[in-house]
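A short reminder: the numbers here are calculations on the coordinates, not readings from a lab. All figures in this text were calculated on a predicted structure; none of them were measured in a lab. Every residue, glycine among them, receives a Cβ derived from its backbone with ideal geometry; neighbour counts consider all protein chains shown.
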Amino acid sequence: MPQRPAFAKWLDDTNDVTATFLAAGRIPGLVNLGGGLPGTEIWPVEDMTKLATSAVADHADETLAYAPVAGLPKLRDLIAARYSEGDLTLTRDNVLITAGGAQALNLIGTVLLEEGSTVASQTPAYLGALDNWRPRQPVYRPMRLEANDLDPVAAMTGAQFAYTVPNFSNPTGKLVNAATRRRLVDAAHHTGTWLIEDDPYGTLYYDDAPMPRMLTLSAEEAGAPYDGPVIYLGTVSKELAPGLRIGWIIAAPEMIEVLKAAKQSADMCTSGLCQQITHDAFATGLADDMLPNILDLYRARRDALCAAMDEHLPDLFTWERPTGGMFVWATAKDPALDTNRLMEVGLEHGVCISPSSVFDPEGRDHSSIRINFTYNTEDKLVTGIERLATATRAALAEA
């Protein structure tokens, strides 16, 4: 039998942790602290059912046919109006509707990355972004945005783009302060480098008023259509429902045009049905009405998780209590603890965490873990932390 052609070389560079994590869902009684999932209680099922029914009944031509490549004009107009503020003026020409935030990341890689291109990336970095860009094998230049010696101009010079998650970063849950946001925007203007503001958690502030978006800070002329260097990524996955697979890119019209060409070759269009439902959820105020309940639920779960960590993990990890988002980032006090191994031991004890290696572009950091608090009930979070404490001591004894 003749030998089949080899698979693409980039597949040799994938990580085993993702496969382990996906398989973990089949373990009975597992407490999954490793995902990035919203709580299922937030979904307004009856309201969404009515929106879906009326979307088809009242807008069959838009929901059942192919949609425009860039998205339904009325949804693009709604997103443009929703984000226009201060000196920032947006039109539909600044908006591309995508099949979730993941496709937005993929399209950016398609239009900006060649093999070996440089990406200045907030570090640790979102695993989904690293996985999306892995086939193009970029070279990462780390940016630790909380560091006192951060030099955004040096980091961004010569890079194809800079990637950031300034609101409650995945994985660390950290919030980038206003001064650093301004410095990043100034560096983007100075260097000409595109600055990606990936913002899936921007509505999930539990304790403080929201920080200004870098997109807004980058607007240079009041009233003029936006033509700046920031590429803003949004999604309904955390404030409405991830199954809709609706996201958006807001950027200069020239960037939207090339991204539209890439999207056309990728999937032609995003579901018109899901776009109509999303439009109506925003237009009727449903999404805004949901938000207070989401914040109350997640705030209580964050507090329960952190209280359990205070009780069971203070001798094992250090961490900061996040003021929003979905994650706590915990770093082992004992350097002998390998968190890749901890993930395996944790599964044996009925708890799943995400090790830091998958958020390191080079895969070298084995010192920390990401813990999610939005998916599980408060009781399950406590149980998960109790199991994690037992698993950590077992992993340390083994080490």
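The figures follow:
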quantity	calculated
Inter-probe distance in nm under a simple model that places probes 7 Å from Cα toward Cβ, at T89 and N177	3.4
Intensity falloff of the stretch 44-153 expressed as log10 I(q)/I(0), Debye formula with alpha-carbon point scatterers, at q = 0.14, 0.21 Å⁻¹	-0.86, -1.16
Linear extension gain, E115 paired with E362, 0.36 nm per residue minus alpha-carbon span	87.3 nm
Added length on full extension, which subtracts the Cα-Cα distance from 0.36 nm per residue, T14 to D288	94.8 nm
Angstrom value of the Kirkwood radius, inverse mean 1/r, which spans all Cα pairs in the stretch 267-399	16.7
FRET efficiency, 1/(1 + (r/R0)^6) with R0 35 Å, evaluated for V56 and T377 via beta carbons	0.55
Projected-area mean, the stretch 232-331, by convex hull of Cα positions, square nanometres	9.1
Nearest-20 debye value, the stretch 84-206 charge dipole, Cβ charges on Lys, Arg, Asp, Glu	180
Hydrodynamic radius by Kirkwood, which averages 1/r over all alpha carbon pairs of the chain, in angstrom	22.1
Mean Cβ neighbour count within 10 Å, used as a protection proxy, ranking 218-226, 284-292 highest first	218-226, 284-292
The stretch 271-398 - charge dipole about Cα centre, Lys and Arg +1 at Cβ, Asp and Glu -1, debye rounded to 20	60
Count of Lys pairs (Cα-Cα under 22 Å; at least 8 positions apart or interchain) in the chain	8
Cα-Cα pairs of the stretch 58-107 separated by more than 15 Å (percent)	55
Point-charge dipole on Cβ atoms (K/R +1, D/E -1) for the chain, about Cα centre, debye to 20	620
Value of Rg to Rh for the stretch 58-284 (Rh from inverse mean 1/r over Cα pairs, i.e. Kirkwood)	0.95
Rg/Rh (Cα only; Kirkwood hydrodynamic radius) as it applies to the stretch 1-70	1.20
Positive dipole terminus of the stretch 58-284, leading residue within P138, M268, N148 (C-beta point charges)	P138
Charge-dipole axis of the chain as Lys and Arg at +1 and Asp and Glu at -1 on Cβ define it, positive-most pick from T20, F161, M1	M1
In range of the label at D315: residues from the stretch 335-354 whose backbone nitrogen is under 17 Å from the point 7 Å along Cα→Cβ	335-337
Projected-area mean, the stretch 140-275, by convex hull of Cα positions, square nanometres	9.8
Furthest towards positive pole of dipole, I250, A102, V236, structure part the stretch 58-284, Cβ charges	A102
Label zone at R341 (point 7 Å along Cα-to-Cβ), backbone N below 15 Å, the stretch 365-399	366-368, 391-399
CD proxy at 222 nm, helix term only [per DSSP H run n ≥ 4: -39500 (n - 2.57); per residue of the chain; nearest 500]	-13000 deg cm²/dmol
